Amino acid sequence: MKNPYKISTLVLALLWLSTIGVFGYFFVFGVARMGPDQREIINVTSGEKQFLLKEMRQLLEATQQINEAMGNGEREQAAIAAESVGMGMVQELAAVESTILLKLPVPMKELGLGTHREFDKLARTIRSDASEKQVMKEMGELMTRCTACHASYRLP
Ligand code: HEC
């Protein structure tokens, strides 16, 4: 019993480090396991799954609206649809369900956030004097993120 404070400080420091370590591990790798189709299954709760799938359907809806509006020459409508799933949407989601973000592996987070960022960029392109061909090209590039993420990850 030379210095009990020293020992307890050491124990607390170790506890603190291991907590940070575990937190860091989950932050980087998320909670996932490999599924039978070689896609990683992200282990979210059923409520979080519903939440994510709803977000997905909004993405698909926006994509449909952008195509239809562009086809009708209503560029402002198309830009509004693109913006509706931009970074503003992420802020709304993060406010409600920030724990979901913690559960996603980092590459998936990047793909997801990148998709919303690209929709904001697409809105700017639509509002610029870019040709329809350029808009289509950007849309095609943006959608490689949808297909890449779907090819690598799934929900339970
Ligand atoms: C960061 C990853 C990621 C990105 C990016 C992404 N998705 Fe998804 N999406 C998923 C996952 C995971 C599922 C669930 C698939 C499963 O469990 O088989 C899903 C499911 C869906 C579904 C099914 C919804 C339902 O109700 O079942 C739709 C539609 C969809 N995505 C559309 C899109 C569109 C459109 C884009 C691009 C604009 C997109 N997603 C981008 C991860 C992503």
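Each of S152, V90, A13 was scored by the projection of its Cα onto the charge dipole of the chain, and the greatest displacement toward the positive side belongs to A13; charges sit on the C-beta of Lys, Arg, Asp and Glu. Overall, the accessible surface of the chain at a probe of 1.4 angstrom is composed of carbon and sulfur to the extent of 63 percent. Return the inverse of the average 1/r over all pairs of distinct C-alpha atoms in segment 51-125, which is the Kirkwood hydrodynamic radius, in Å to one decimal. Result for segment 51-125, one decimal place: 12.8 Å. Between A123, A79, A94, where does the largest GNM mean-square fluctuation fall for the chain, given springs only between Cα atoms within less than 10 Å? Highest fluctuation of the listed residues: A94.
Considering only G112, G71, G86, the mean-square fluctuation computed in a Gaussian network model of the chain, springs between alpha carbons under 10 angstrom, is largest for G71. With the simple model of a label 7 Å out from the Cα in the direction of the Cβ, N3 to L102 spans 3.5 nm. For E61, what charge total do you get from the other residues with a beta carbon under 15 Å from its beta carbon, if Lys and Arg give +1 and Asp and Glu give -1? Counting the neighbours of E61, the net charge comes to -1.
Only Cα pairs within less than 10 Å get springs; with that Gaussian network setup on the chain, which residue of K49, K133, K109 has the largest fluctuation? Per the Cα network of the chain with a 10 Å cutoff, K133 tops the list.
Using only the Cα atoms of segment 19-89, each taken as one equal point scatterer with no solvent, compute I(q) by the Debye sum, divide by I(0), and report log10 of the ratio at q = 0.21 Å⁻¹. Listed by q, the Debye log ratios stand at -0.92. Net charge dipole, the chain: roughly 860 debye, given to the nearest 20, about the Cα centre with Cβ charges of +1 for Lys and Arg and -1 for Asp and Glu. Normalised by 2.2 N^0.38 Å, where N is the number of residues, the C-alpha radius of gyration of the chain stands at 1.41.
Would you mind checking the pairs K103/K133; K54/K137; K6/K103 and listing those with alpha carbons more than 28 angstrom apart? K103/K133; K6/K103, as the Cα separations exceed 28 Å there.
The residues of segment 1-136 expose on average 67 square angstrom of accessible surface per residue, using a 1.4 Å probe on protein heavy atoms. Under the membrane-span-like helix rule (DSSP H runs whose alpha carbons stretch at least 30 Å along the helix axis, mean Kyte-Doolittle hydropathy 1.0 or higher), the chain yields 4-29.
The values are calculated or read from the model by the stated rules, or taken from the named source; none is laboratory data. Bear in mind that the values here come from a model prediction, so they are computed numbers and not experimental data. Methodologically, a virtual Cβ is constructed for each residue, glycine included, from the backbone with ideal geometry; neighbour enumeration extends over all protein chains shown. Surface accessibility is based on the protein's heavy atoms, side chains included, excluding ligands, DNA and RNA. Shrake-Rupley method; radii C 1.70, N 1.55, O 1.52, S 1.80 Å.
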